[in-house]
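No lab work stands behind these numbers, since they all come straight from the coordinates. On a predicted model such as this, the values are computed, not experimentally measured, just so you know. Because the Cβ atoms are built from the backbone with ideal geometry, glycine has one as well, and the counts that use them run over all protein chains shown.
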Amino acid sequence: MANIKSAIKRNRTNERNRLRNVAVRTRMRTFIKRAMNAIESKDTEQVNQAVPTALSEIDRAASKGVIHPNSAARKKAMLQRRVSALSNSSLSAN
């Protein structure tokens, strides 16, 4: 436990930020999971709704500093690759 007043204040700030970061990260993961489920179900209407929302949440987490910008880019690229593969497979199936 910190004894110095400024360290005690800093611990309070760190805990508040940690809780915010956990909430943002959890929200982001939830939206990514929804997008992945939509992609796996191959429902284009759900995909068109879930993927942009997930990309937005990833951007929001990166802008708040919760995740690194390169990590955000990697997650977005992964989602977009899967959507692209889905649309290519649906085109070749028809």
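Only one of these is in contact (Cβ under 8 Å) with a residue 40 or more places away in the chain and more than 22 Å from SER87 (Cβ to Cβ): ARG60, ARG25, ARG29. Name it. I'd like the intermediate steps shown before the answer.
On the way: ARG60 fails: in contact (Cβ under 8 Å) with a residue 40 or more places away in the chain; ARG29 fails: in contact (Cβ under 8 Å) with a residue 40 or more places away in the chain.
Answer to the selection: ARG25.
Taking the conditions exactly as written (β-branched (Val, Ile, Thr) and under 9 Å from the mean Cα position of the chain (by Cα)), does THR44 satisfy them or not? Lay out the reasoning, then the answer.
Details: β-branched (Val, Ile, Thr): yes; under 9 Å from the mean Cα position of the chain (by Cα): no.
It is false that THR44 is β-branched (Val, Ile, Thr) and under 9 Å from the mean Cα position of the chain (by Cα).
Per-residue answers, yes or no, for (1) touching a residue at least 12 places away in the same chain (Cβ under 8 Å); (2) exposed (fewer than 11 other Cβ atoms within 10 Å of the Cβ); (3) on the phi > 0 side of the Ramachandran plot:
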{"position": "ILE8", "(1), (2), (3)": "no, no, no"}
{"position": "MET36", "(1), (2), (3)": "yes, no, no"}
{"position": "PRO52", "(1), (2), (3)": "no, no, no"}
{"position": "LYS64", "(1), (2), (3)": "yes, no, no"}
{"position": "ASN70", "(1), (2), (3)": "no, yes, no"}
